[in-house]
Amino acid sequence: MIQRLNLHLPISALSLGQVSFNLIRELYKRKVQCAIFPYGTPDLSAYKLDQSFGQWIERSVNTRYQKLDRKVPTFHVWHPMGSELRLSDKQFTLSFHEVDSATETEVNIVNQQDHTFFTSSWTVDTFKTYGASNVSFVPLGLDEDFTPINRRLVADDITHWVLGGTKWEQRKNTELIIKTWIKKYGGNAAHQLSLAVTNPFFKPEQMHVLYQQALGMTKPFNVNVLPLLKTNVEMNALYNSADICLAGLSSGEAWNIPSFTTTAFGKWSCVLNATGHKDWATAENCVLVEPTGMRPVYDNAFFVQGAPNNQGNVYAVTEERVLEAFERAEKVAKTPNPAGERLRETHTYAKTVDQILQVIGD
């Protein structure tokens, strides 16, 4: 049984921070003594946490240098690039990757870990193909702060489409999704699209231009651009109000928290049948969309051609297939999704941590 760990991970409202927060909470429940080394300044503003847990995190951060012991295993959460440094003799990394190849640099860094967990079995196969060893798949779970509530943000007779909780990126097909939805439903009072999409790495003026390009000169009245939702309570309300989630139409994902969460609530999600989606999305619990091939991932922002990491392709999808998925989703939007709800039992962070600790303790 693991009694002590060094933790090196982000604590923030972003996706890696959300995953880290849930892992930390499970370790706290198990009374594992942790020295927490956060990336940057910890930001817990998105979370509603009890006082004792918050104090435990604060102590674990503030006393990290006193607790640091090279003989204690380190559990690390980050991308492959940036995982080369370690705090102790043994390091186990949970990592994320979305493209169809692994560079020599990425493989070498992964091979320096005692073990690397990926949240996509597709990524595990990719890294093995390119020469990585000691890698395995670990599924994520449903964040216990996200729970079903009976709350609608639109009238019951309106079909509520939601694209939220995800970053605005070319890889995620953000502009394609919005433009295609407007082409199909813009101005139709029976449908509403709520957008809670931003990118913290872009300046406000950049986001303004991106929204303008996607929405056109005149925003349809049934498209609602939400202000920045800063807390999980606000995101939980949005997910619960959705009839159909569109975040799963991303071309490359290591898991896809917004789409998974909404599906687990018994909502319907349009999901590309590729990459990390394949580990939880099925034809029974989602509206699956088959990709049309592959396309280069490069966007000169997060994926730069010639860089030592993130080189390769993601899956492609056409407007025609997105439109067809919209039509299928519309037909089931107001019907139950018991297969989606079962994800709440089959996928938990307790199971995620069980699997990670088993490997660390072997």
Scope region 211-248; condition more than 29 Å from Asp145 (Cβ to Cβ) and surrounded by 12 or more Cβ atoms within 10 Å (Cβ to Cβ); matching residues: Ala214, Leu215, Gly216, Lys219, Pro220, Asn222
Number of positions in region 341-362 that are under 19 Å from the mean Cα position of the chain (by Cα), of a type outside the set (Asp, Glu) and in a helix (DSSP H, G or I): 9
Selected residue [of a type in the set (S, T, N, Q) and farther than 21 Å from Asn232 by Cβ] from Thr147, Thr174, Thr166, Thr198: Thr174
Condition check for Gly266: at positive phi and assigned to a loop (DSSP other than H, G, I, E, B): yes
Phe96 at pLDDT 95 or above, out of contact with any His (no Cβ under 8 Å at 6 or more places or on another chain), under 26 Å from Ala350 (Cβ atoms) and not polar (S, T, N, Q): no
Failed item, numbered, when Gly248 is tested on (1) assigned to a loop (DSSP other than H, G, I, E, B); (2) closer than 18 Å to Ala333 by Cβ: (1)
Leading residue by the ranking (surrounded by the most Cβ atoms within 10 Å (Cβ to Cβ)) among those in region 249-263 that are farther than 19 Å from Lys48 by Cβ and β-branched (Val, Ile, Thr): Thr262
Boolean, Ser60 is of a type in the set (Ser, Thr, Tyr), in contact (Cβ under 8 Å) with a residue 24 or more places away in the chain, assigned by TED's automatic domain parsing to the domain that holds Phe75 and not in a helix (DSSP H, G or I): no
Residue list for region 79-103, restricted to those being assigned to a loop (DSSP other than H, G, I, E, B) and within 17 Å of Val359 (Cβ to Cβ): Ser83, Arg86, Ser88, Asp89, Lys90
Matching residues in region 129-146 - criterion: being surrounded by fewer than 18 Cβ atoms within 10 Å (Cβ to Cβ) and over 17 Å from the mean Cα position of the chain (by Cα): Thr129, Tyr130, Gly131, Ser133, Asn134, Ser136
Test for Trp181: is it in the same structural domain as Leu323 (by TED's automatic domain parsing) and among the aromatic types (Phe, Trp, Tyr): yes
Options Thr126, Thr174, Thr103; residue that is at pLDDT 95 or above, buried (at least 18 other Cβ atoms within 10 Å of the Cβ), touching a Phe, Trp or Tyr at 6+ places or on another chain (Cβ under 6 Å) and under 16 Å from Val314 (Cβ atoms): Thr174
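The values are calculated or read from the model by the stated rules, or taken from the named source; none is laboratory data. All of these numbers come straight from a predicted model, not from anything done at the bench. For neighbour counting, all protein chains shown are included, and Cβ atoms are generated from backbone atoms with ideal geometry for every residue, glycine included.
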